[in-house]
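Every read-out reported here was derived from the displayed coordinates using simple, explicitly stated rules and does not represent laboratory data. Given the structure is predicted, the values throughout are model-derived calculations rather than measurements. Ideal geometry is used to build each Cβ from the backbone, glycine not excepted, and the neighbour counts take in all protein chains shown.
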Amino acid sequence: MSRDIRTMRVAVRAAGIGSGSAPDTKEPCHSSRSTDLVALARDAARARPAGEERPTDVVALATALARVSRPRSAARVVRLLPAGDERGRAWLAVIRRTAADGDFDTALSLKDAVGNRPWAAKAVGLLARVRAENGQYEGARSLAESIPYPHDRLQTWAVLAEVAAEAGDPEWAPEFLDRAEQTERVHDAWTLPALPVLIRAAQLAGDHDRALASVARLEGIARSESAAREALRGGRTGDRQEKGTLSDTPALVPLLQASIGLGEYERVDALLKRVRERADRAKATAATVRALAQCGEVGRAERLARSVKHPGHRAAALASVADAAAAAGDRETIAALGESLAGADEMVHAGPVIAVAEAWAAVGAADRAEAWTRSIAVPALRVEAQAAVAEALAGAGDLERAEAFALRLGDPDLRAEALHRVVTCLAEGGLTARAEDLAGRIQGASRRARALAVVASHAGETDARRLAAPALAVGDWPAVIEVLARVDPSAVAAVAEESLRRAAEHPLE
């Protein structure tokens, strides 16, 4: 018996549960069993290097603490990260998840603990959105009005308008759009993120003229950015700017996407023609193909993709077409794309080749997907495509074929990834025992423990406790922290206490 398997079995016994898959009886946790899981959690936290907290782990732990009604501990955990943007983003993530769980009061208390005024303002905007998503528009408006910075307030009004428009509210969507227009003007760099949101909100609200006005403003920013770029390059921009030339600046792709969303295809064609540099035009065209494909304009996207000369951008564009064709169930386009790739000797470009394989699997054509992967001459690319097919089959619900595909993979990393995806689909479908069995076939204690953690997240309390133990045994508490918040809050507290203690012993230099 390998050492990692013995380690996990010891952990399972320490969790106080037998090795078999017992039915979930919804019985309360006995104190001895809780203590065992707490001890495992504390040991797992102790095993991780001090002072090397990853932002995602900090967010996961702080969110779990908020869920078990420990907001002060959550705030202390977030402060383990260095002050600045990293900590600010962590605050937003924790507040977002807490509010999304329905605990708005705790989310508000966390907002008050942020400390940094700019990030606290962004947190207010986030909470205003949550209010609006719950139909509490007056509360959302009050929060938005309290934001001290014009650019954050503008972004919040835009988001609230979009939320109200998506909900089909004929009163609040126009009001929020008006409030956005009434916000004092700020620098173009601050305005840019809000404009695509305002365009979509106006479109959803049926105000096409207002949407077009925002598109015109977005185009003005794109032209200004292009002129500024040329000036930095030392070129003479006067004549070029008169012709309305464009370049690959932050506003260009949002402008193209917004125009496509409004069905302004002639405008899109004209904009692409104004992009001066060949590389910029190829990149912009590929982005346009993606936007067209996402809007369901698969035929138009395919024609445009074939016009891209740059090999890398053309590959990305064709992959977008394959993805869209799969979403639409368009087997004819998938077949044509595959034939085109094979005929043009483009079977070495990973993006479209793998996308075609995934597309066949996604539409339920497992045999076509398998045949396509066999036709790939490059061994490494063929294995990647086979792994992608296994995951796509799992996503499409063909779990038998997905499992068989995954188990045949020779590359251990890709096999583990594919099996993890199949395990996830089984667990989501309530097939706990089968998911656990397949997870046990994944090589490597850490990978196996993470797969079992996924099963635990969808299992009842009794099974969840047992399945969480292997992750704790290998020190991977982040994989099961949400499970612990559900089945044993004391274990979450133990992880936090140990992490904070170790941070105090090893302060950041």
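So for His458, His310, fewest C-beta neighbours within 10 Å to most, what's the order?
Working: His458 19, His310 16.
Lowest to highest Cβ neighbour count: His310, His458.
Using alpha-carbon pairs under 8 Å, 6+ residues apart, how would you state the relative contact order of segment 278-397 in percent? Don't skip to the answer; put the middle values down first.
Values: 155 pairs, mean separation 24.2, N = 120.
Once normalised by length, the contact order is 20 percent.
Give me the net charge for the shell around Glu181: Cβ to Cβ below 13 angstrom, other residues only, Lys and Arg +1, Asp and Glu -1. Mind dumping the intermediate values first?
On the way: positive: Arg153, Arg179, Arg185, Arg210, Arg217; negative: Glu175, Asp178, Glu184, Asp207, Asp209.
Its environment carries a net charge of 0.
Angle, helix 399-408 long axis vs. longest principal axis of the chain, Cα atoms, 0 to 90°, nearest 10?
The answer is roughly 80 degrees.
Would you mind checking the tilt of helix 445-458 against the longest principal axis of the Cα atoms of the chain, expressed as 0 to 90 degrees and rounded to 10?
Helix 445-458 and the main axis of the chain meet at about 80 degrees.
Under the rule a/c < 1.5 gives rounded, and otherwise a/b versus b/c splits prolate from oblate, where does segment 290-354 land using the Cα gyration tensor? Walk me through the intermediate numbers first.
Values: a/c = 1.77, a/b = 1.29, b/c = 1.37.
The shape class here is oblate.
When a/c reaches 1.5 or more, the comparison of a/b and b/c decides; with that in mind, is segment 248-318 rounded, prolate or oblate per its Cα gyration tensor? Present the calculation step by step, with values, prior to reporting the outcome.
Numbers: a/c = 1.66, a/b = 1.07, b/c = 1.56.
Because a/c hits 1.5 or more and a/b fails to exceed b/c, segment 248-318 counts as oblate.
Using mean Cβ contacts within 10 Å as the protection proxy, how do 422-432, 473-483, 167-177 order, highest first? Walk me through the numbers on the way to the answer.
Values: 422-432: 20.3, 473-483: 23.7, 167-177: 17.7.
In decreasing order of mean packing, 422-432, 473-483, 167-177 become 473-483, 422-432, 167-177.
Among rounded, prolate and oblate, which fits segment 278-397 when a ≥ b ≥ c are the square roots of the eigenvalues of its C-alpha gyration tensor, a/c under 1.5 means rounded, and a/b larger than b/c means prolate?
Values: a/c = 2.01, a/b = 1.37, b/c = 1.47.
Oblate.
Counting only other residues whose beta carbon sits under 11 Å from that of Lys309, what net charge do I get with K and R as +1, D and E as -1?
Overall, the nearby charge balance is +4.
Can you give me the relative contact order of the chain as a percent, contacts being Cα pairs under 8 Å and 6 or more apart? Intermediate results must be reported in sequence, preceding the final value.
Values: 748 pairs, mean separation 92.1, N = 509.
Once divided by the residue count of the chain, the mean separation gives 18 percent.
Treating the beta-carbon of each Lys and Arg as +1 and of each Asp and Glu as -1, no other charges, what is the dipole magnitude of the chain about its Cα centre, to the nearest 20 debye?
Working: 68 positive and 71 negative charges, 263 e Å.
With only Lys, Arg, Asp and Glu charged at Cβ, the dipole is about 1260 debye.
Work out the charge dipole of the chain with +1 on the Cβ of Lys and Arg and -1 on the Cβ of Asp and Glu about the Cα centre, then indicate which of Pro196, Gly338, Ala485 is farthest towards its positive end.
Result: Ala485.
Using alpha-carbon pairs under 8 Å, 6+ residues apart, how would you state the relative contact order of segment 327-413 in percent? Don't jump to the answer; show the numbers that get you there.
On the way: 90 pairs, mean separation 21.5, N = 87.
Answer for segment 327-413 is 25 percent.
Give me the one-decimal Kirkwood hydrodynamic radius in Å for the chain, with the sum taken over alpha-carbon pairs. Each step should come with its number before you reach the end.
On the way: mean 1/r = 0.0384 Å⁻¹.
The Cα-based Kirkwood calculation yields 26.0 Å.
Treat the count of other C-beta atoms within 10 Å as a stand-in for reagent exposure and order Ser146, Ser214 from fewest to most. Please report the intermediate quantities before stating the final value.
Values: Ser146 12, Ser214 27.
Starting with the residue having the fewest Cβ neighbours, the order is Ser146, Ser214.
May I ask you to sort Val159, Val130 by Cβ crowding, counting other Cβ atoms within 10 Å and putting the fewest first?
Numbers: Val159 24, Val130 21.
Least crowded to most crowded, the residues run Val130, Val159.
How far, in degrees from 0 to 90, does helix 208-233 lean away from the longest principal axis of the Cα atoms of the chain, to the nearest 10?
90
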